[in-house]
Structures are given as C-alpha cells and as structure tokens.
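Chemist: I have a structure here, written as structure tokens, and I will follow up with some questions on it.
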Amino acid sequence: MPRSAERSVEAQASRANRAPPPFRPTGLMANAHLQSILTSSPWRKRRVQKRSRAYRENAERRVISTPQGVHLLGYHSRPATPNGGLAILLHGWEGSSDSNYLLDTALALDAAGFETFRLNFRDHGDSHHLNPGLFHSCLLEEVVQAVGQVTAEHRAGGGPVFLTGFSLGGNFALRVARHAPAAGYRLDRVVAVSPVIRPKNVLAALADGFPIYEQYFVRKWRRSLKRKQLLYPERYNLDRWFRHRNLADQTSHLVDDYTEFRDIDAYLEGYSIAGDYLEGLEIPSLIITAADDPIIPISDFEALSRPDALELEIWPHGGHCGFLANWRLESWIEQRIVSELCQHLTPA
C-alpha cells in the first residue's frame, strides 16, 4: 500500500476510533416512544435513502446458499479506503437490509473503512421467492452457516470479521456467536443492539403496551405473508391466519400449522437466550440497550447470564433501536458501533 494511502487509513481509523460522547438526549428526544417510533419513521427513511443511494447502487447483490439448500440474500459493499475489517449486519424482525438503522450503520462503517455485508433473513427484503419454507426465529442453523461462509471468504484475506445485529437480529447475532466456534469459525467481536432476550416477555410487552408497536408488526407480517402466499399458492392457504388481529394468535396459528413445535411456548423458548444460554459464550460480545426500551423489558437484561466474554451497556434513554441524537434524526448508535469495532481491528 502506498505511504499516502497508509496515512489516509490511519487518519480515518483515528477519527472513527474516538468514542462518541455519552448518549444523553434532552427534552422530548428523551422520550422512549419518540425514539422507538422515529427510528423507523418515513421521515428518517427519506433522509437515509437519499444519503445511501450511491452506497446501495454500488453494492454487490449476493445469494448465499447453505449445505441444506437454503438461500439467503445479502449485499456486499467495499469502501473506498479499506481498513481490512468486515462488518456483517443483521436487521430486526420484518426489517431488511435496507432498514433505516441498518443502512445508517452501514454507511458509517463504510466511511470508516469497513467492508459491509447486509444479510437478510429468509422472507425478509426482496427474498420471499428464494425459499418455499416460511421464516421463523428458530431457524438459526442457516444464519450460522451463511455468516460462516461470508466470514471464511474474508478470513482468506487475513482481515477481522465483526457481527452486529439489531433487535431480533441482535438475538441472532448472540446465538451465532454462541455456536460459531462449534461450526468451525470465529468472529472478532459481536455487537447486539436492543436484542430480544426472552421472546415470551417481548410478546407480552407488545400485547400490553402502546398499541402502535403491535399494530406495526401485525401490518408488516400480514404484508409479508400475503407475498409468500402469492408466490406459493399450492403450499400456503393462510386465509384463516389473516383473520387474526394480534401477534399472539398469529404466532400460535403458524406454530401449530407450519412448525414442529408442540405449542407457542415451546417455540418462543426455542430462540430465547435467557437463563444459562450464553454461559458457553467464547466470542467477545457487547450488548447495548436502553433501560426505557418499551419492547424488551429491562429485567430481561438484568437477569442475563454474564460470562467473561459478554459486556452489557445499558443507557437510561434510547427506546428500542433508537438512540437518535437530535431532531435531524441523526443516530448516536452508529458512531458507538464504529468506535467499538475500530478498537478491535487486529484479528483475534
């Protein structure tokens, strides 16, 4: 690498490596519901889509195929001045690789010199046609294998690999971290933002809390399954499912008809990371969350098993995957993630 390019990379890393100031929103910006709603709002979407247009247009569309024949869609982007690291990003439930929070984070990582790979879960983004089977949150193996393939490709060049997830994607990120060594690969650092800990408690919080959250997920899930049924009409007749108006009934119906779990409780425990699930965690991992998250109860984080490899960072405010710094809807969390990953650019 030319000396001028080396200096550019070093300067870039030095700037990104600086930790952002503590997250201390003031006034209405400290409101948990505003933080949670605005982060996925159409106002922020317009801004993020405009800023990310060139980044998205230059991304390489890739379909990762697992040994079991599952196909997951992702987008690989290379920065203008690489620092050698790769960040794999996982969105939340009914989000996608183009979700506001994911794109904003990807843009910040790209600017700091990271390659990025935005992976869609099955039936998320423009991927419903790739697999006949329905997505559910216990489909961990295919995500472990997809992350493993992307990791192996980058490791061949000698660079470190990081995994970052939001909400359900944070839950998946921590489960991938738990199982990656047994699958034959390692990650250098995992960051989970507002991850789902005990799904049963999240479902209860959505049912009992501010109705806009449950309605948001009901609407997005209905849209997703309408698309799936149109693609595979011979496989799915979901007319009865569409009569349900809450997530508990919707989930129970699909568990009974399209999974091998005995009931909804068994299914929800199937992707829980509560109890001693993380006891065997070897890969250094960081959870960043807010005490006022209206969807993930703070008690779930306080009761978490805390192996040496796991760090927990709880901020008083931030809502669910919010952490918006101002009324321009600029995100603090993306800078926190960039700073965190820059500190671990030397491969483990």
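The values are calculated or read from the model by the stated rules, or taken from the named source; none is laboratory data. Please read these numbers as outputs of a predicted model, since none were measured by experiment. So basically every Cβ, Gly included, is an ideal-geometry build from the backbone, and we count neighbours across all protein chains shown.
Chemist: For the stretch 164-177, enumerate the residues that are touching a Phe, Trp or Tyr at 6+ places or on another chain (Cβ under 9 Å) and either closer than 10 Å to Leu72 by Cβ or not hydroxyl-bearing (Ser, Thr, Tyr) (or both).
Modeler: Once the filter is applied, which keeps residues that are touching a Phe, Trp or Tyr at 6+ places or on another chain (Cβ under 9 Å) and either closer than 10 Å to Leu72 by Cβ or not hydroxyl-bearing (Ser, Thr, Tyr) (or both), the stretch 164-177 yields Gly165, Phe166, Leu168, Gly169, Asn171, Phe172, Ala173, Leu174, Arg175.
Chemist: Which ones in the stretch 114-168 are touching a Leu at 6+ places or on another chain (Cβ under 8 Å) and at pLDDT below 95?
Modeler: Gly159
Chemist: Okay, moving on. Determine if the stretch 140-155 includes at least one residue that is in a loop (DSSP other than H, G, I, E, B), closer than 22 Å to Pro67 by Cα and of a type outside the set (Ser, Thr, Tyr).
Modeler: Checked the stretch 140-155: no residue is in a loop (DSSP other than H, G, I, E, B), closer than 22 Å to Pro67 by Cα and of a type outside the set (Ser, Thr, Tyr).
Chemist: Ok, one more. Scan the stretch 46-84 for residues that are polar (S, T, N, Q) and within 20 Å of Ala108 (Cα to Cα) and jot them down.
Modeler: Answer for the stretch 46-84, where residues must be polar (S, T, N, Q) and within 20 Å of Ala108 (Cα to Cα): Gln49, Ser52, Asn58, Ser77, Thr81, Asn83.
Chemist: Hey, among Leu286, Leu341, which residue is surrounded by 16 or more Cβ atoms within 10 Å (Cβ to Cβ), out of contact with any Phe, Trp or Tyr (no Cβ under 9 Å at 6 or more places or on another chain) and at negative phi?
Modeler: None of the others qualify; the one that does is Leu286.
Chemist: Where in the stretch 33-130 are the strands (runs of 3 or more DSSP E), entirely inside, with at least 1 residues that are out of contact with any His (no Cβ under 9 Å at 6 or more places or on another chain) and closer than 27 Å to Gln145 by Cβ?
Modeler: Once the strands (runs of 3 or more DSSP E) in the stretch 33-130 are filtered for at least 1 residues that are out of contact with any His (no Cβ under 9 Å at 6 or more places or on another chain) and closer than 27 Å to Gln145 by Cβ, what remains is 71-77, 86-90.
Chemist: Within the stretch 129-141, can one find any residue that is among the acidic types (Asp, Glu) and in contact with a strand residue (DSSP E or B) (Cβ under 8 Å, 6 or more places away or on another chain)?
Modeler: No - not one qualifying residue is present in the stretch 129-141.
Chemist: Within the stretch 118-132, can one find any residue that is among the acidic types (Asp, Glu), crowded, with 19+ Cβ neighbours inside 10 Å and closer than 27 Å to Thr346 by Cα?
Modeler: No: zero hits.
Chemist: Ok, one more. Quick one: in the stretch 298-338, which of the residues that are surrounded by fewer than 19 Cβ atoms within 10 Å (Cβ to Cβ) and basic (Lys, Arg) is nearest to Gln35 (Cα to Cα)?
Modeler: This residue is Arg328.
Chemist: Filter the stretch 14-40 down to the residues that are loosely packed, with under 15 Cβ neighbours inside 10 Å and either closer than 11 Å to Asn100 by Cβ or charged (D, E, K, R) (or both), then identify the one that is modelled with the highest pLDDT.
Modeler: The selected residue is Arg24.
Chemist: Quick one: which of Asn201, Asn171 is surrounded by 23 or more Cβ atoms within 10 Å (Cβ to Cβ) and part of a helix (DSSP H, G or I)?
Modeler: Step by step, each of Asn201, Asn171 is checked, and only Asn171 is surrounded by 23 or more Cβ atoms within 10 Å (Cβ to Cβ) and part of a helix (DSSP H, G or I).
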